[in-house]
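Each reported figure results from applying straightforward, stated rules to the coordinates on display, with no laboratory input. As the structure is a computational prediction, the values presented were derived from the model and not from experiment. Reconstructed Cβ throughout: ideal geometry from the backbone, glycine too, with neighbour counts over all protein chains shown.
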Amino acid sequence: MLSLGPGVHVVLATKPVDLRRGHDGLVTLVRTMWRADPYDGTLFVFFGRRMDRVKILCFSAGGFVVYYKRLERARFTMPPVPGDATEIVLDAPSLAMLLDGVDLRAIKRAPRWEPARAKKRREGIDISRAS
């Protein structure tokens with residue numbers, strides 16, 4: 001079961017990869033493509049060339065897990081890719097929709113609200129010392 005809590009960090013590769021790669025091959029991609037730490041709990045998403053298969057790599061409970069899905073009669077749709085980006089950061093609901101075959105390019109979301117306190121914390125401002 002793939003756990004998609006609200007705070008999960010998801011990184012999607014924008015270029016197709018050879019999905020014959022297993023755990024170790026995908027870990028190597030994470031380290032070389034993004035210089036990222038594969039042990040931090042991030043979900044790393046990779047599509048195959050035909051866009052009918054996806055592998056998701058994550059580290060959980062002392063080991064790597066690979067989630068694999070193949071669509072029988074459809075294709076996954078890549079979300080909008082800004083410029084020449086090698087990765088797209090998604091939230092958990094977007095990943096869930098993507099895995100269900102929803103075209104994220106057609107989704108319109110309301111602007112996300114968050115309290116000022118959370119915004120300042122996210123931006124790195126120490127609000128405990130603010131007067």
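Along region 80-87 the Karplus relation, 6.51 cos²θ - 1.76 cosθ + 1.60 evaluated at θ = phi - 60°, assigns HN-Hα couplings of x, 10, x, x, 9, 4, 9, 8 Hz to successive residues, with x for each Gly and Pro. Ordering 80-88, 22-30, 44-52 by mean Cβ neighbour count within 10 Å, with the highest value first, yields 44-52, 22-30, 80-88.
Of A92, A36, A106, the residue with the greatest mean-square motion in the GNM of the chain, using alpha carbon springs below 10 Å, is A106. Relative to one another, the C-alpha centroids of region 1-61 and region 63-116 are positioned 13 Å apart.
At 25 °C and 0.890 mPa s, what whole-number value in µm²/s does Stokes-Einstein give for the translational diffusion of region 1-67, with Rh from the Kirkwood sum over Cα pairs? D = 203 µm²/s. The average projected area of the chain, computed from the convex hull of its Cα atoms over all directions, is 10.3 nm².
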